[in-house]
1. For the stretch 17-26, indicate whether the set of residues that are at pLDDT 95 or above, out of contact with any Pro (no Cβ under 9 Å at 6 or more places or on another chain) and not charged (D, E, K, R) is non-empty.
2. Collect the residues in the stretch 18-60 that are more than 11 Å from ILE79 (Cβ to Cβ), in a loop (DSSP other than H, G, I, E, B) and either among the acidic types (Asp, Glu) or in contact (Cβ under 8 Å) with a residue 12 or more places away in the chain (or both), keeping them in residue-number order.
3. Restricting the stretch 64-79 to residues that are touching a residue at least 12 places away in the same chain (Cβ under 8 Å) and assigned to a loop (DSSP other than H, G, I, E, B), which is nearest to GLU4 (Cα to Cα)?
4. If a residue has to be closer than 19 Å to PHE64 by Cα and over 14 Å from the mean Cα position of the chain (by Cα) to count, how many in the stretch 8-37 make the cut?
Amino acid sequence: MTPEPEKQKYYFTFGQNHTHRHNDLTLDCDSVVTITATDQGAARGKMFDLFGAKWSFCYTEERFEPKYFPRGVVLELEI
């Protein structure tokens with residue numbers, strides 16, 4: 001049996017003009033979405049499924065700087 005690939009958490013941010021409503025949440029330039037996935041391509045694909053091209057950056061945990069996003073993580077997903 002092949003072991004399942006290890007998953008990594010990716011942090012996604014939105015631009016100044018990228019405001020979304022997801023369920024009862026408002027997602028904007030001050031908030032972050034995390035997606036835990038086996039690779040960045042899968043995580044980015046989920047973002048495109050949810051928000052189209054209206055998001056800004058994808059960061060790994062090592063590169064993410066939360067001080068720039070005062071509302072913090074408002075949505076966490078795992079795929």
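The values are calculated or read from the model by the stated rules, or taken from the named source; none is laboratory data. These numbers were taken from a predicted model, which means no experiment stands behind them. Virtual Cβ from ideal backbone geometry, glycine too; neighbours counted across all protein chains shown.
1. No, the stretch 17-26 has no match at all.
2. HIS18, ASP24, ASP28, CYS29, ASP30, LYS54, TRP55, SER56, PHE57
3. The selected residue is ILE79.
4. 1
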